[in-house]
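Enquirer: Got a structure for you, questions after.
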Amino acid sequence: QVQLVESGGGLVQPGGSLRLSCAASGDIFRITVMGWYRQAPGKQRDMVASITTWLSTNTADSVKGRFTISRDNAKNTVYLQMNSLKPEDTAVYYCTVPSFDSWGQGTQVIVSS
């Protein structure tokens, strides 16, 4: 079992930045891939970015060049740096460990003037 706790969401103006954090606990030594998904109202949950233990990353085309995923293995924490935010980035962002089908509680990001 892996437990995930996200933080860092909030309200930001278009063009602004936010950094999300996700701390993992539990069976952390078996974690390989960690990732971020997001779900806007009335839409499906979509992958934003993922990162392996060896720091290989995969980023959705919709956020490439604006969002950066990183990971601190010593702290069992994954981050999502979001720059140049747009209103269409508004969503609840979820941290996940796919191999455990573990999800965080979600953190709301609202991009609005």
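The values are calculated or read from the model by the stated rules, or taken from the named source; none is laboratory data. As the structure is a computational prediction, the values presented were derived from the model and not from experiment. With ideal geometry, Cβ positions are generated from the backbone for all residues, glycine too; neighbour counts draw on all protein chains shown. We work out accessible area using only protein heavy atoms, side chains counted, and drop any ligands, DNA or RNA first. Shrake-Rupley method; radii C 1.70, N 1.55, O 1.52, S 1.80 Å.
Enquirer: In the set GLY9, GLY35, GLY26, which member is modelled with pLDDT under 95 and under 12 Å from the mean Cα position of the chain (by Cα)?
Expert: Selected residue: GLY9, the only one of GLY9, GLY35, GLY26 that is modelled with pLDDT under 95 and under 12 Å from the mean Cα position of the chain (by Cα).
Enquirer: For a quick check of your reading of the model, give me the residue pairs whose first member lies in segment 77-94 and is of a type in the set (D, E, K, R), whose second is open to solvent by 60 Å² or more (accessible area, probe 1.4 Å) and modelled with pLDDT of 95 or more, with beta-carbon atoms closer than 7 Å and at least 6 apart or on different chains.
Expert: What qualifies is LYS86/PRO14.
Enquirer: From ALA74, ALA60, ALA49, grab the single residue that is under 21 Å from GLN3 (Cα atoms) and surrounded by fewer than 17 Cβ atoms within 10 Å (Cβ to Cβ).
Expert: ALA74
Enquirer: With respect to VAL109, determine if the residue is open to solvent by less than 20 Å² (accessible area, probe 1.4 Å) and either over 23 Å from VAL2 (Cα atoms) or out of contact with any strand residue (DSSP E or B) (no Cβ under 9 Å at 6 or more places or on another chain) (or both).
Expert: Judged against the criteria, VAL109 is a match.
Enquirer: Another question, then. I'm checking my understanding of the structure. Among residues of segment 29-46 that are open to solvent by less than 30 Å² (accessible area, probe 1.4 Å) and not in a loop (DSSP other than H, G, I, E, B), which one is farthest from SER17 (Cα to Cα)?
Expert: For segment 29-46, the residue satisfying everything is MET34.
Enquirer: While we're on this one: What's the number of the only condition in (1) of a type outside the set (Gly, Ala, Ser); (2) open to solvent by 70 Å² or more (accessible area, probe 1.4 Å); (3) touching a residue at least 12 places away in the same chain (Cβ under 8 Å); (4) at negative phi that LEU55 fails to meet?
Expert: Going through (1) of a type outside the set (Gly, Ala, Ser); (2) open to solvent by 70 Å² or more (accessible area, probe 1.4 Å); (3) touching a residue at least 12 places away in the same chain (Cβ under 8 Å); (4) at negative phi one by one, LEU55 breaks only (4).
Enquirer: Follow-up question, since we're still on this one. Would a scan of segment 15-28 turn up a residue that is open to solvent by 60 Å² or more (accessible area, probe 1.4 Å) and free of Cβ contacts under 8 Å to residues at least 24 places away in the same chain?
Expert: No.
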